[in-house]
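Engineer: I'd like to ask some things about the structure below.
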Amino acid sequence: MSDDLLRRIQVHGSVPAHIAVIMDGNGRWAKGRALPRPLGHHAGMRAVREVIQGCLDARVGVLSLFAFSQENWQRPAGEIGALMRLLEEYIARELGNLREKGVTVRILGDIERLAPGARNAVERVMAETAGGGELALNLCISYSSRAEIARAARLLADEVAAGRLEPADIDEQAVARRLYTAPWPDPDLLIRTSGEMRISNFLLWQLAYAELYVTPVLWPDFTRRHLFEAILEFQRRDRRFGRVTA
Ligand code: IPE
Ligand code: IPE
Ligand code: MG
């Protein structure tokens, strides 16, 4: 069924080069089934597999997934612990598969705050998937966009203080080059699941001209077909970038 949507995407031609996703609604998914919240996070792993496969199939080059925010450190310790274990489990299970499919994984965020096991797992997945040419997968973990921008400002200040950079040379490119996302184009499409109409401190700089797509579907229910529906909607949008269309 989703294959006819894929064909329609391909007929249209232009697919987003970079898709960003706020994977939200795991807790509500679990609550709706009278399950503990961590089981909702666990169920969300299947959806991660679906969007990765969907991006490979549609030939999207970059996928950035918001998995854990810096603000999420304020959640109960039990839920944080479950999420960290889940991250390790996901990497242990998927590493071989990701490498085989040519997916290069990068972690964006303050990984020094991760528990040692999770930290080792993310370092291993980055090292062992390096060089895959089919899809760049950015897992945003312990990530906050404001912290990322403040870090870029600090890096620029250090370079000015060391005499390697003139303040007059600090332009948009200079800032963008010091963000975690420096190697990739800005997201063309932002998907948020679970119906919330907010950005929640995700890629504030990079989303300047992204098309926004909010779906009521809860993250654990999100499939490859839902991804293709979002891409088809994206293809119908008129992106003007502040200009007028002819
Ligand atoms: C998203 O699901 C996953 C994380 C933020 C880690 P939530 O846990 O936020 O689920 P809801 O929003 O409470 O339903
Ligand atoms: C955003 O979801 C963070 C992630 C999906 C990882 P939240 O559930 O934390 O966001 P708010 O609290 O609804 O804004
Ligand atoms: Mg949420």
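Engineer: Across segment 32-88, which residue is farthest from W219 (Cα to Cα) among those that are assigned to a helix (DSSP H, G or I) and among the polar types (S, T, N, Q)?
Structural biologist: Q74
Engineer: Whether any residue in segment 59-80 is out of contact with any strand residue (DSSP E or B) (no Cβ under 9 Å at 6 or more places or on another chain), touching a residue at least 60 places away in the same chain (Cβ under 8 Å) and either within 27 Å of P185 (Cβ to Cβ) or among the acidic types (D, E) (or both) is what I want to check.
Structural biologist: yes
Engineer: Which one of these does A174 not meet: (1) outside any loop (DSSP other than H, G, I, E, B); (2) surrounded by fewer than 14 Cβ atoms within 10 Å (Cβ to Cβ)?
Structural biologist: Answer for A174: the failing condition is (2).
Engineer: Sort through I107, I149, I141 and tell me the only one that's free of Cβ contacts under 8 Å to residues at least 60 places away in the same chain, surrounded by 14 or more Cβ atoms within 10 Å (Cβ to Cβ) and not in a helix (DSSP H, G or I).
Structural biologist: Result: I107 is the single residue among I107, I149, I141 that is free of Cβ contacts under 8 Å to residues at least 60 places away in the same chain, surrounded by 14 or more Cβ atoms within 10 Å (Cβ to Cβ) and not in a helix (DSSP H, G or I).
Engineer: Identify all residues within segment 24-46 that are open to solvent by 40 Å² or more (accessible area, probe 1.4 Å) and either within 11 Å of ligand 3 (Cβ to nearest atom) or small (G, A, S) (or both); write none if there are none.
Structural biologist: Answer for segment 24-46, where residues must be open to solvent by 40 Å² or more (accessible area, probe 1.4 Å) and either within 11 Å of ligand 3 (Cβ to nearest atom) or small (G, A, S) (or both): R28, G32, A34, R37.
Engineer: While we're looking at this one, here's another question. Looking only at segment 222-241, count how many residues are open to solvent by 70 Å² or more (accessible area, probe 1.4 Å) and without any contact (Cβ under 8 Å) to a residue 24 or more places away in the chain.
Structural biologist: So the answer is 3.
Engineer: Going through segment 44-99 one residue at a time, which ones are under 15 Å from N26 (Cα atoms) and β-branched (V, I, T)?
Structural biologist: V48, I80
Engineer: L87: without any contact (Cβ under 8 Å) to a residue 60 or more places away in the chain and either hydroxyl-bearing (S, T, Y) or open to solvent by 20 Å² or more (accessible area, probe 1.4 Å) (or both), yes or no?
Structural biologist: Criteria met by L87.
Engineer: Would you call A58 within 13 Å of ligand 2 (Cβ to nearest atom) and hydrophobic (A, V, I, L, M, F, W, C)?
Structural biologist: No.
Engineer: May I ask you to list the residues in segment 1-23 that are under 16 Å from the mean Cα position of the chain (by Cα) and surrounded by 16 or more Cβ atoms within 10 Å (Cβ to Cβ)?
Structural biologist: P16, H18, I19, A20, V21, I22, M23
Engineer: Quick one: R113 ticks every box in (1) open to solvent by 20 Å² or more (accessible area, probe 1.4 Å); (2) within 18 Å of H18 (Cα to Cα) except a single one, so which number is it?
Structural biologist: (2)
Engineer: Let me ask you something else. Return the residues of segment 61-84 that are more than 13 Å from ligand 1 (Cβ to nearest atom), surrounded by fewer than 18 Cβ atoms within 10 Å (Cβ to Cβ) and within 20 Å of the chain's Cα centre (by Cα); say none if nothing qualifies.
Structural biologist: Within segment 61-84, G61 is the sole residue that qualifies.
Engineer: Those residues that are assigned to a helix (DSSP H, G or I) and either under 24 Å from L218 (Cβ atoms) or among the aliphatic types (A, V, I, L, M) (or both), I need them from segment 4-23; list them, please.
Structural biologist: Matches in segment 4-23: L5, L6, I9, V11.
Engineer: Hey, another quick one. Among (1) open to solvent by less than 70 Å² (accessible area, probe 1.4 Å); (2) acidic (D, E); (3) outside any loop (DSSP other than H, G, I, E, B), which single condition is D158 missing?
Structural biologist: (1)
Engineer: Residue under question is G163, and the condition is that it be within 16 Å of ligand 1 (Cβ to nearest atom), of a type outside the set (A, V, I, L, M) and either assigned to a loop (DSSP other than H, G, I, E, B) or closer than 30 Å to R33 by Cβ (or both); does it hold?
Structural biologist: So G163 does not fit the description; no.
The values are calculated or read from the model by the stated rules, or taken from the named source; none is laboratory data. This is a predicted model, so every value here is computed, not measured. Backbone-built Cβ (ideal geometry, glycine too); neighbour counts: all protein chains shown. Note: areas computed on protein heavy atoms with side chains; ligands, DNA, RNA excluded. Shrake-Rupley method; radii C 1.70, N 1.55, O 1.52, S 1.80 Å.
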